[in-house]
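No lab work stands behind these numbers, since they all come straight from the coordinates. Computed from a prediction, not measured in an experiment: that's the story for all the values here. Glycine also receives a Cβ, built like all others from the backbone with ideal geometry; neighbour counts cover every protein chain displayed.
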Amino acid sequence: MLIVNLDFVGNLNEFKTTDKFYERYPSVSVSKSSTNHLIFNFIVFFQQILPSSYVSSFQNVELYDVRKGRVLYVMQHEYAIVNAKSAKIDTILTDDMTTCVAVILRSHQTSAICLCHFDQINHDVDTQKFKKICEQMCGRKQHSTYQPTSTVDYRNQEIAFDIFIIGGYKDERNISDRLVMDILTMFNQIRPYLFHIRLIHVGSQNTLWRQKYAEPKLTGVAVTVSNCLIRNALLVRPLPVDASMDKLTIPLYSIRRMSISFNSSSEYMSIYSSQEEILKIPVLHIKRCYFSPSAKHYFEETLKFSDQEILNVNI
């Protein structure tokens, strides 16, 4: 269930666009009068005061070099869950977003953080998938059954999350707008969890208007694991994707990009084991298809790596 300023959002059918959502809940957008940072005042009713998470004004882009920092890179149709006290990951980052949207979840119970790069929503698959993600982030499975909103305790930290939705723009086909509304609808249906909306920076808020066309202002986002500091960010290009396996900072980058074409309708893919603190790329199931000679050569070279090298690459 979605919550804004202690008010349950309720039925999302009345909001046909993100602009309508902004009109009803203006507090979820970044204030235009913000200077360096926008501080989010977390609910003071909680028994335990949560660390102050805050969001950059997004005016400046910060560049991240994966060669120099402990950065976990999340690609399209992927997600990663990292514990707040992770010894190996400082920052989770995703970029290359145009009509895509990044969603950041932060558990009140464990302070675990999840970053997902959304490109579409399949409600039949994704609602149950993200319910399991919430269970994992909370540290245990919630057996509570759904109750009417009038009896739900919004102060319950065990099932509460902060949610930040960032990216997309006012594209001419309204792909981003539909995706954001689908994301909101999905999280509003996940019971019994409570999602406190802290920021929605999408649609018109994230659109730069040119004379003949529109383009997104922000196409990448990074979140600091320790304090949930969120920034406008991009990876430094070119990416070191052709290094040897033991020095590869973005493991299986090319194959992960290719898998989007074949598996975009499947459930979102986890790329990191928070318990073992290692990168884990699942086996990619690709149906019958045909490859060019160069692509065939790429796969032949990749198959020379052992399963351990491919599936369990230490960050």
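Some notes on this structure:
- Counting every other Cβ atom within 10 Å of each residue's Cβ, LYS280, LYS170 order from fewest to most as LYS280, LYS170.
- For the listed peptides 7-16, 109-118, a ranking on the average number of other beta carbons within 10 Å per residue, highest first, reads 109-118, 7-16.
- Restraint check, LYS16/LYS132; LYS68/LYS212; LYS16/LYS129; LYS20/LYS217; LYS129/LYS212; LYS131/LYS280, Cα-Cα greater than 30 Å: LYS68/LYS212; LYS129/LYS212
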